[in-house]
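Please read the structure below before turning to the comments.
The values are calculated or read from the model by the stated rules, or taken from the named source; none is laboratory data. These numbers come from a predicted model, not from an experiment. We place every Cβ from the backbone using ideal geometry, glycine too, and count neighbours over all the protein chains shown. These area figures cover heavy atoms from the full protein model, side chains too; ligands, DNA and RNA do not enter into them. Shrake-Rupley method; radii C 1.70, N 1.55, O 1.52, S 1.80 Å.
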Amino acid sequence: MVTPIMSRPAAFLDRDGVLIHDVGYPHRPDQLQMMDGAAAAVKRLNDMGFVTVIVTNQSGIARGYFDEDTMHAFHELLLAELAKGGARIDAIYFCPYHSVAADPKYLHPDHPDRKPNPGMLLRAASDLGLSLDESSIMIGDNTSDIEAAQNAGVKGFLFKGGNLDTFVSTIVGD
């Protein structure tokens, strides 16, 4: 008899404007400016049993501002910074596609992964055995993040800045 894989609750997090300050296509080490309470918020979600997943539109790749390797290196720095606070990100999904692209391979006016489309959340759920229901949440700073959450069937919360851990504590408690 095969044991079914249990679906786990997820906390989907936008990157720019939620975990880090949005300084306009951040990709260099000097642009990594953590949001107040980011590590504590992610650790809180970890401790509560959420699988934490970054889902981020990265049109800077399509626009030719930086390449995928640069973005991956930036993500490694972000993960290391979060780890200093005891926080863990379980996976990162990104969408490099955009309707304006310097490189034709990234040209796509409405890619299924580009928020507000739910593609990144759907792929993460399939890859990681995540629940796409009211047990999972999405935290973003734009309406496109909230629409992606709704399109995937999870609860979306709009973060307007401030201390991320304080915000997360109002959503999931202690």
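Count of region 83-98 residues, restricted to those that are more than 21 Å from ASP22 (Cα to Cα) and either modelled with pLDDT under 95 or open to solvent by less than 60 Å² (accessible area, probe 1.4 Å) (or both), is 1. Among the residues of region 65-82, is any open to solvent by 10 Å² or more (accessible area, probe 1.4 Å), outside any strand (DSSP E or B) and either modelled with pLDDT under 95 or closer than 16 Å to LEU13 by Cβ (or both)? Scanning region 65-82, I find at least one residue that is open to solvent by 10 Å² or more (accessible area, probe 1.4 Å), outside any strand (DSSP E or B) and either modelled with pLDDT under 95 or closer than 16 Å to LEU13 by Cβ (or both), so the answer is yes.
Would you pick out the residues in region 147-166 that are over 21 Å from ARG44 (Cα atoms) and in a helix (DSSP H, G or I)? So that I can check it myself, show each step before the final result.
Step one: list which residues in region 147-166 are over 21 Å from ARG44 (Cα atoms), which gives 147-148, 150-153.
Residues satisfying the conditions are GLU147, ALA148, GLN150, ASN151, ALA152.
Scanning region 117-143 for residues that are part of a loop (DSSP other than H, G, I, E, B) and crowded, with 18+ Cβ neighbours inside 10 Å returns ASN117, PRO118, LEU132, SER136, ASP141, ASN142.
The residues of region 24-50 that are basic (Lys, Arg), more than 16 Å from THR170 (Cβ to Cβ) and not in a loop (DSSP other than H, G, I, E, B) amount to a single one, LYS43.
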